[in-house]
Amino acid sequence: MDAPKIGEDTVPFGDAVISLKDTCLGAETCEELFTPDSPHIGMGLDGLNQRISLILEATQKSGGVYLYANQQGCDGERLYYDGSAMIITNGEIVAQASQFSLNDVEVITAVVDLEEVRSHRFAPARGMQSIQAPKYQRVKTNFSLSAWEDFDPEIKPSRKVEPRYHAPEEEIALGPACWMWDYLRRSKAVSLLVPLSGGIDSASTSTLVFSMCTLVIQAIKGGNKQVIADVKRIAGPYEKDGWLPSSAQDLCNKIFHTICMGIAKELAKAIGAYHTEADIDDMYHGAKGILAGATGFEPKFKMYGGTPAENLALQNIQSRSRMVIAYTFAQMLPTTRKRPEAGSLLVLGSANVDECLRGYMTKYDCSSADINPIGGISKTDLKRFIAYAEKKLNLPILQEFLDATPTAELEPITKYYVQSDEIDMGMTYDEPSTFGRLRKTEMLGPYGMFQHLVHEWKPEMIDAREVAVKVKRFYHFFAINRHKMTTITPSYHAENYSPDDNRPFLYPGMYENYAFKKIDKMVEKIKAFKVKKVE
């Protein structure tokens, strides 16, 4: 579009609309769409044509055609843009692009009838409001969207289509998978690695890689030239000319490596990963021996008479050894596989959002990686995803992870004792998921969260005093472990409850000095109220 065509030599800056011969065009950003007074409201009342529910509502009330354009892919950051471009007329979708796709560019088209828009807007009440609405400056042009003179009886408006929505577990299967593929191909890395244990977190990360490989195979079968070129560059240099993977397992074997530090080698086999057994016992005993040789003191686990500090130190030796081993293997596995020019592998993290908020992880352990596909997803949602993936991706082995007790596997197992994450944290995994949503999404502090949960967790189910203890415990550990968040691995942004950014912010003792005291006073009031009610 140039000056002679549009009949304008200058263009004003600011809020304006483009006036064509047959209609008007305006624009608003995604952020503006979600505000109470979105620009489309005023534009619609001023005679202008107009995410899914918001856009549907906007054009249903005001009438108009809404063209929703969204980026597809990532810019090397936490946020993945999921596409799903749409064309909506008078509150009805007439075209919708794919959501969570490996396509770099996707174009959708539709035929719309501007007369239907004018008819939809013909209401006395709307006319009265439009008279009082703010007027937008109009940039007049000398062309139209419709064919004024050439009538074509074969052209007809596009029919309404039903909106497509993904269930949360489907979004988890698709979003991080697309994000990892985009990051892998754009970073020029050639493969991924994850330390596998018997826990659901590393199993989720591995399953997401398999989901990624499944999407890539689908794109190859669909003839996606960009995906085919990326696969050949990433996984093809050491294969025969013209090679392409025949299945998701075939691709997984070329670009995904697992190190078994637990009991999950069957999962690695099921998804086709290149698997290596690794034993960190020598490294653990070596590190413990260095301490004993330097200080003359040998720490013990608590079950053998050690203090909490000794018990934690011995667990952390194992945790940090895993990270060192993971990066060592990431650097050397291409060489051992006779791919010396392939570079090193991207190490994937497996710490979920609940553990990050609670601080239930060792700093610089396997939570430290290059990228983390599950770092913005709660344990509760991960379980739903694993249950979904078991059937959708045909991985029956995943049921064993759902049945297993969540454990860090860092303390000796005896006939009477198995380490439990939930016992160590002092809360179930469902509880930090709830706390995280209330803290971030609802923006509640300790006192507000306590008030909310006293009502949500009914008194007959849990006493107010117990609610107070749980809320205080969460905020206590959230505050003292904030330093861990400053080094957290960049993770896929999945939900509003995702972790905050990495600011080195230390929370003051205000929780104990003010908010916690208000909770205590409220607990006493609730107790007195119950006593009075009984009397």
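At-a-glance table
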read-out: Overall dimensions of region 418-492 by Cα: Rg and Dmax, Å; value: 13.5, 41
read-out: Calculated [θ] (222 nm, deg cm²/dmol) that DSSP helices of n ≥ 4 give over the chain, each run adding -39,500 (n - 2.57); value: -14000 deg cm²/dmol
read-out: List Trp243, Trp181, ordered by accessible area with a 1.4 Å probe, largest first; value: Trp243, Trp181
read-out: Aspartates and glutamates whose Cα lies under 18 Å from that of Lys269, excluding same-chain neighbours fewer than 8 positions away; value: Asp201, Asp250, Glu277, Glu390, Glu400
read-out: Region 288-357 - percent relative contact order, Cα under 8 Å, separation 6 or more; value: 16 percent
read-out: Convex hull of the chain built on C-alpha atoms - directionally averaged projected area, nm²; value: 36.5 nm²
read-out: Amide H contacts under 5 Å for Ser491, placed H, 5+ residues apart; value: Asn372
read-out: Whichever lysines have a C-alpha closer than 19 Å to that of Lys160, once near sequence neighbours (fewer than 8 apart) are set aside; value: Lys61
read-out: Leading residue at positive end of dipole, the chain (Cβ point charges), from Ser191, Tyr497, Gln315; value: Gln315
read-out: Alpha-carbon gyration tensor eigenvalues x 5, square-rooted, for region 202-320, Å; value: 44, 14, 11
read-out: Over 26 Å (Cα to Cα) - which of Lys240/Lys392; Lys240/Lys338; Lys300/Lys517; Lys391/Lys415; Lys484/Lys518; Lys221/Lys392 fall in this group; value: Lys240/Lys392; Lys300/Lys517; Lys391/Lys415; Lys484/Lys518
read-out: Rg/Rh ratio calculated on Cα atoms of region 123-246 (Kirkwood radius); value: 1.24
read-out: Bridge type composition, the chain - antiparallel percent by DSSP, nearest 5; value: 45 percent
read-out: Radius 15 Å from Cβ of Ile413, net charge of other residues (Lys, Arg +1; Asp, Glu -1); value: -3
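The values are calculated or read from the model by the stated rules, or taken from the named source; none is laboratory data. Every value quoted in this text rests on a predicted model; they were computed, and no experiment measured them. Backbone-built Cβ (ideal geometry, glycine too); neighbour counts: all protein chains shown. Just the protein is used for accessible areas: all its heavy atoms, side chains included, with ligands, DNA and RNA removed. Shrake-Rupley method; radii C 1.70, N 1.55, O 1.52, S 1.80 Å.
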